[in-house]
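S.K.: Mind having a look at this structure? Questions to follow.
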Amino acid sequence: MGVLLLFMVWFVLIGRRGQILLIDPNPIDQIQFLFFSSIVIILVGILSAISATITRKAVIQADRAVKLEQAHQKLSQAYAIIQRQALTDGLTELPNHRAVVEQLEKEMERARRYKRPLSILFFDADRFKQVNDTYGHAVGDIVLQQICERAGYMLRKEDTLGRFGGEEFVILLPETDMA
């Protein structure tokens, strides 16, 4: 930057001196003009350097802000995935034991507060060990998925079907009594 400023001052004082003589033949006015021009050129150079530095820093900060925002989004997505995995059974994609217990507590509180019925069904797959032993765990997994799909097909959207453990399932039926 300093070399550029020196070149500009040289250009005004030496390189274009003949043109300045044509504008004003008075030597004192020429010196004042050259001095003023040199000061203006130096000030413009300094302001340009300051502006470039500020702009570069602003761009760096903007880049950092974008990177931080992207990192925040990735962390938020990872948190959502982890939270979903913590409350979902990996095989059946149903709420797991923990999620079912949490939902049961909420439904029981709501039923008590509004004095409304709540039914809870527990069921398991009979002779499921025999399916695993005879056909293998891969087939047993398919059987569990089919049980969930068929049980879920018969439920209302406000009902909750969850895997309680192994081949045990629970269904929460708010606003449902024994009748």
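Bear in mind these aren't lab numbers, they're just calculated from the coordinates by the rules spelled out. Just so it is clear, the structure is predicted and the values come from calculations on it, not from any experiment. Note: ideal-geometry Cβ built from the backbone for every residue, glycine included; neighbour counts use all protein chains shown.
S.K.: Rounded, prolate or oblate: pick one for the range 51-162, where a ≥ b ≥ c are the square roots of the eigenvalues of its C-alpha gyration tensor, a/c under 1.5 means rounded, and failing that, prolate if a/b is larger than b/c, else oblate.
M.R.: It comes out oblate by the Cα gyration axes.
S.K.: So which lysines pass the test for Lys67, namely a Cα distance under 19 Å, with those fewer than 8 places away in the same chain ruled out?
M.R.: Filter leaves Lys57.
S.K.: Once fully extended, how much extra length lies between Met154 and Leu43, figured as 0.36 nm per residue of separation less the alpha-carbon to alpha-carbon distance?
M.R.: So the extension gain works out to 31.9 nm.
S.K.: Please identify which residues in the range 138-167 have an amide N closer than 18 Å to a label point set 7 Å out from the Cα of Glu109, following the Cα→Cβ vector.
M.R.: 160
S.K.: Sort 97-110, 77-90, 158-171 by the packing proxy (mean of other Cβ within 10 Å over each peptide's residues), most packed first.
M.R.: Result, highest mean first: 158-171, 97-110, 77-90.
S.K.: If the cut-off is 23 Å between C-alpha atoms, which lysines fall inside it for Lys157, apart from same-chain ones fewer than 8 positions away?
M.R.: Of all the lysines, those that pass the test against Lys157 - Cα under 23 Å, at least 8 places apart if same chain - are Lys106, Lys115.
S.K.: With r as the distance between the Cβ atoms of Gln61 and Gln146 and R0 = 41 Å, compute the FRET efficiency 1/(1 + (r/R0)^6) and round to 0.05.
M.R.: Once rounded, the FRET efficiency stands at 0.15.
S.K.: Here is a further query. Note down the net charge around Val101, summing +1 for each Lys or Arg and -1 for each Asp or Glu among other residues with Cβ under 14 Å from its Cβ.
M.R.: -3
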